[in-house]
Amino acid sequence: MFCHLKPLRRFCLKKILPHWLHYSRALSGAEAINALRPFYFAVHPDFFGQHPREREINENSLKRLSVYLENLQKPGFKSLKPTQLTFYIREKTAQHSSEGQEPSSTSGFRAVRFTLHTSDLLSTVLYILNSCSLSAEHIQSLNTNVHSQPLKETTGMPGRPIKWHRSYYSFTGFKDPDEDLEQVSRVETTLMSWLGSNGKSAVKKLKNSLPLRKELDRLKSELSELLQLSDIRWQRGWGVAHRCSQLHSLSRLAQQSLEPLQNAKGCTIVFTDRSGMSALGHVMLGTMDVHHHWTRLFESLPNYFDLQRRMSVLEDQISSLLGGIQVVYIEELQPEFTIDEYYSLLNVFYNQLLKSRVPSHPQGLSGLQMILSSDRYEPTLHELGHFNIPALSDPAGLQSFMRAKARQARENMTRREELKVIENELIQASTKKFSLEKLYKEPSISSRQMVDCCKRLLGQSLPYLHGMRLCVSHFYSVMQDGDLCIPWDWKKGEATK
């Protein structure tokens with residue numbers, strides 16, 4: 001049985017975090033990934049080749065963690081839904097189990113289960129490392145203003161760090177906190193050497209997945225035609241077997257009760273964590289819900305369509321009050337809103353504008369875009385050209401800000417479109433040169449990062465990629481169905497310690 005974190009652990013973490021937050025600046029996304037490297041090493045799916053169940057759990061949990069970290073960095077997030085994660089962690093010897101953890105198994109790993117409910121990158125990183133009994137001392141090196149004394153006081157550590165001989169850890173079974181960093185530095189490798197070590201494994205997995213991939217395409221095509229859908233998607237990176245299972249489930253529901261499902265005509269269905277309609281108007285099917293919940297959702301779609309129409313009117317009204325700027329929802333950059341949540345946010349902003357009675361500037365901002373956020377920060381201009389606007393912004397100051405930044409916004413949008421064209425051209429060129437089955441990227445990878453990655457790939461000779469599916473990500477991994485994941489900033493030269 002898994003155990004949840006006990007109050008004592010939560011108390012200790014709450015006691016530690018304020019000191020860290022007081023003495024350090026906010027972490028960037030890259031720093032957070034770097035700080036979590038001991039964790040990534042301990043849970044890396046490649047180390048669970050002989051244990052497919054544990055490997056799959058780690059793969060899925062890493063994807064959910066990636067989404068959580070991405071949302072923390074999105075402008076405008078107000079609060080994130082608590083996310084429960086389970087990981088199997090590598091160990092060389094059996095260890096004493098702590099709260100939230102199962103005792104080590106004879107396979108050399110233990111299970112850890114915890115729930116993320118943090119609101120910034122630093123506290124999230126510390127919470128993960130603490131939950132997995134991994135050292136957090138290396139985080140201090142990310143900021144010269146971070147002092148170790150407050151942490152030592154809160155944890156009851158002596159004034160100077162104790163350096164135990166390695167024989168102590170061998171004898172007791174405790175984990176050497178320095179060993180994680182040493183191991184991580186040793187596993188840093190070049191793209192060529194990693195492909196050489198993992199290419200055969202990926203080819204085998206890809207070959208084994210082909211029958212299921214054909215079945216997935218067949219089911220998707222049949223359901224799309226039967227229900228006259230625009231598309232069927234998955235919000236999470238579930239494996240092909242899981243996707244087939246979800247489509248089989250929807251197919252059985254269509255056989256049992258077709259009429260309610262026909263309400264989804266022309267829609268995109270997305271399998272995700274909860275049921276409803278998304279801010280983009282997609283029908284969300286919660287994968288943990290039973291058929292009864294799905295049926296009720298399909299029956300209520302006419303009400304959602306009505307809300308969608310009212311939302312479109314509200315966006316147009318906001319646009320006319322703000323000089324013709326277009327209100328958009330960018331899925332990759334905004335928190336995951338349901339249509340109900342997003343309509344409520346739009347309504348708050350619209351009423352704010354009406355109360356202010358600021359003079360309108362007809363079409364002065366036409367052609368520009370803005371996304372609406374639920375935070376209380378100042379309005380900003382994103383590098384991609386859209387404005388990030390808090391719903392509770394001062395309307396008078398907001399208009400002045402947008403007019404002052406309008407020219408820069410247009411220039412940013414032009415660069416964005418140019419970069420997107422270059423990105424698509426490089427993806428096509430890379431796909432053709434390496435005879436890839438597919439080349440794609442994770443949502444957290446920007447166009448600039450993808451362009452940089454593809455340019456460097458095109459300068460290499462990579463025979464291992466022939467016929468493969470390649471995903472540009474933040475780390476190396478062979479996925480359960482044979483997709484190869486490589487970091488966008490992969491290393492060409494020899495690994496350095």
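The values are calculated or read from the model by the stated rules, or taken from the named source; none is laboratory data. These numbers come from a predicted model, not from an experiment. Counting neighbours? That spans all protein chains shown, and the Cβs are built from the backbone with ideal geometry, glycine included. Remember, those area values only see protein heavy atoms, side chains included, never the ligands or the DNA or RNA. Shrake-Rupley method; radii C 1.70, N 1.55, O 1.52, S 1.80 Å.
Rounded to the nearest whole angstrom, the semi-axes of the ellipsoid equivalent to the stretch 231-280, taken from the Cα gyration tensor as √(5λ), stand at 18, 16, 8, largest first.
Is the shape of the stretch 443-497 best called rounded, prolate or oblate, per the rule: a/c under 1.5 gives rounded, else a/b larger than b/c gives prolate, else oblate, with a ≥ b ≥ c the square roots of the Cα gyration tensor eigenvalues? Verdict is rounded for the stretch 443-497. Average accessible surface for the stretch 410-485: 49 Å² per residue, computed with a 1.4 Å probe over protein heavy atoms with every protein chain in place. The GluC sites (Glu not before Pro) of the stretch 403-497 that DSSP puts in a loop, and whose beta carbon has at most 16 other beta carbons within 10 Å, are E437, E494. For the residue pairs K220/K492; K74/K220; K433/K492; K265/K355, the C-alpha atoms sit more than 28 angstrom apart in K220/K492; K74/K220; K265/K355. 3J(HN,Hα) along the stretch 274-289: 8, 8, x, 10, 7, 4, 8, x, 7, 7, 9, 9, x, 5, 9, 7 Hz, from the Karplus curve 6.51 cos²θ - 1.76 cosθ + 1.60 with θ = phi - 60°, whole Hz, x for Gly and Pro. Taking all protein chains into account, the per residue accessible area for the stretch 199-367 stands at 51 Å² (1.4 Å probe). At the listed q of 0.09, 0.12, 0.20 Å⁻¹, the Debye profile of the stretch 199-367, built from one uniform point per Cα, gives log10 I(q)/I(0) equal to -0.42, -0.66, -1.26. Working note: Karplus 6.51/-1.76/1.60 with θ = phi - 60° gives the stretch 472-485 the couplings 8, 9, 10, 8, 7, 5, 9, 6, 4, 9, x, 5, 8, 9 Hz, where Gly and Pro are set to x.
What a 1.4 Å probe finds exposed on the stretch 199-367 is 49% carbon and sulfur by accessible area, rounded to a whole percent.
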